[in-house]
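What follows is a single structure, written as structure tokens, with notes after it.
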Amino acid sequence: MSHYDLLITNGRILDAETARDEIADVAITNGKIERIDQDIDPANASDTIDASGQWVIPGMIDTHVHVANAADLGRIRGLGLQMVAAAGATTVIDLGGSMDALTAGINARGSGVNVGSLGYLKPGETVPEGRLSPDMILEIVGTALEAGSLGIKLWGGYYPFTPEETSRFIATANSLGAYVAYHVGTTETGSRLDGLREVPSLLGSSGRVHVAHINAYTRGSILPIEEEIQEALQIVDSLRDQIVSEVHLARPNFTLGKCDEDGNVLADVVGNCLKLRNYAPTDEGIRAALRDGYASTVEETRTGLVLVTGERGVELFDAGNTDVPMSFPVNGAESAFQLTAAKNFENEFIIDAVGSDAGALPRNVNIEQAMRLVKFGALEPLEMVLKLSLNPAKMIGLSSKGRLSEGFEADITIIDPDLGKASHGIVAGELIMLAGRVVGRGGTILTTDRGVAAVEATGVPHETVDISKAMMYSGRR
Ligand SMILES: [Zn+2]
């Protein structure tokens, strides 16, 4: 008679790959799913979780978080790792971070989640100022891989390169078998629809890339929002063999409140958010918007960053000399909804996944918002699992994750459908989150062959990923 380490009983098992949707028990041994069956005897298990009335899905994988980022959001190291685990993620990809910050975060406040990171490219920090030659670009991408990153993240919306440099970064990452993600925008375009329109010419006939948060380019700055959504879908679908993509479902955006000596806001985004509701694009405008509850800033608590508005928000804004994170509820539900639900003529989703663009930012709402779409009828439960688990696993080339079947890794998220939130997170058979409380520790770094030596030197456990199996290279099968 077998003995199981953990038994999850009576849950609704949802697996997108096999289209399994049934009430059953899941038995776990040695970090793997050993058996899925009816009425497995709890006497054969060391531990049991009663999942009656709950949904049991393959561990949620968030392909767009910021847990080790360059922006220094959150002074408490590793806070983002706690926040993603609390939201039900079991594996996350840090889209633009440093391996040092990631390692420090895991050591300080790791939550047991698996984390891969993409090296950020910021002139003056990880990249020399001025024009970059092909040789320099080759060296920059190689350096990121040697440090343990899965590849690189181009932050076109903040640190744009020329179209030639951008194109060369992508081609170089492709030739080295590295992961490459792109927040659109070059020196010729912006973080808007025109940046997305530029992608085909940057890729040519063979370039491959993960285009981050498609919804961020459909805020209506060039055409009416509805037309931007349709055009974005057309562009993404026409590049089906060359790009993978995600959409985030959070209402709040994140930007910086910094004002100049005359009190005028510096960031375009902040100015636009203020003008949208007839506030002046100044420090006084921000204070008024904070008092009215329209604008928020963030405050650190022991469990994570939280949005703060009202008088306390004004206090924090002044204490930080205006140079504080700001958030406005401006991400359109219309674009999030349409981009998530849209399918092509083959009846496949045009956008592959839901990714939070959160982590250390308080908007880890993949599961909460996707569950709302399920309740609304815009996604079937198995389609939600496809977007939260299976496709993200394929995007990174994690062939042993994203599936809830016998023999696969026991990374599992349990969702309470009444609350519309994750109730448990399990990584390799170990509980890392229970009712929103993170109980996991440490973590595993996902790296490539070239990064193994560097990660091994940190002492943090690692798992090697073969990026040639990532969806952008291997296709969607
Ligand atoms: Zn991001």
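Only the coordinates and a few stated rules stand behind these numbers; no lab work does. Computed from a prediction, not measured in an experiment: that's the story for all the values here. With ideal geometry, Cβ positions are generated from the backbone for all residues, glycine too; neighbour counts draw on all protein chains shown.
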### Message
Ignoring everything except DSSP H segments at least 4 long, calculate the 222 nm mean residue ellipticity for the chain; use -39,500 (n - 2.57) per segment, divide by total residues, nearest 500.
### Response
-8000 deg cm²/dmol
### Query
With a 10 Å Cβ neighbour count serving as the proxy for reagent exposure, in which order, fewest first, do D135, D357, D21, D94 appear?
D135, D21, D357, D94
### Query
Which of the lysines could a cross-linker span from K394 if the Cα-Cα distance has to be under 29 Å and same-chain partners fewer than 8 positions apart are dropped?
K32, K122, K153, K343, K375, K421, K469
#### Entry: Percent of beta bridges antiparallel (DSSP, the stretch 376-477, rounded to nearest 5)
80 percent
### Task
Answer with one residue from F337, M99, G320: the one whose Cα lies farthest towards the positive end of the charge dipole of the chain, charges on Cβ with Lys, Arg +1 and Asp, Glu -1.
G320
### Task
Which order do the peptides 390-397, 368-375 take when ranked by the mean count of other beta-carbon atoms within 10 Å per residue, highest first?
390-397, 368-375
### Summary
A convex hull over the alpha carbons of the stretch 255-326 yields, per residue, a volume in Å³ of 71 Å³
### Query
What FRET efficiency comes out for the pair E311/R197, r = Cβ-Cβ distance, R0 = 51 Å, nearest 0.05?
0.70
### Query
Taking neighbour counts of Cβ atoms within 10 Å as a proxy for exposure, in what order, fewest first, do S46, S238, S117, S389 appear?
S46, S238, S389, S117
### Query
What number in nm² do you get for the chain if you take the convex hull of its Cα atoms and divide its surface by four?
21.8 nm²
### Task
In debye, nearest 20, what is the charge dipole magnitude of the stretch 255-326 about its Cα centre with +1 on Lys and Arg Cβ and -1 on Asp and Glu Cβ, if you could check?
360 debye
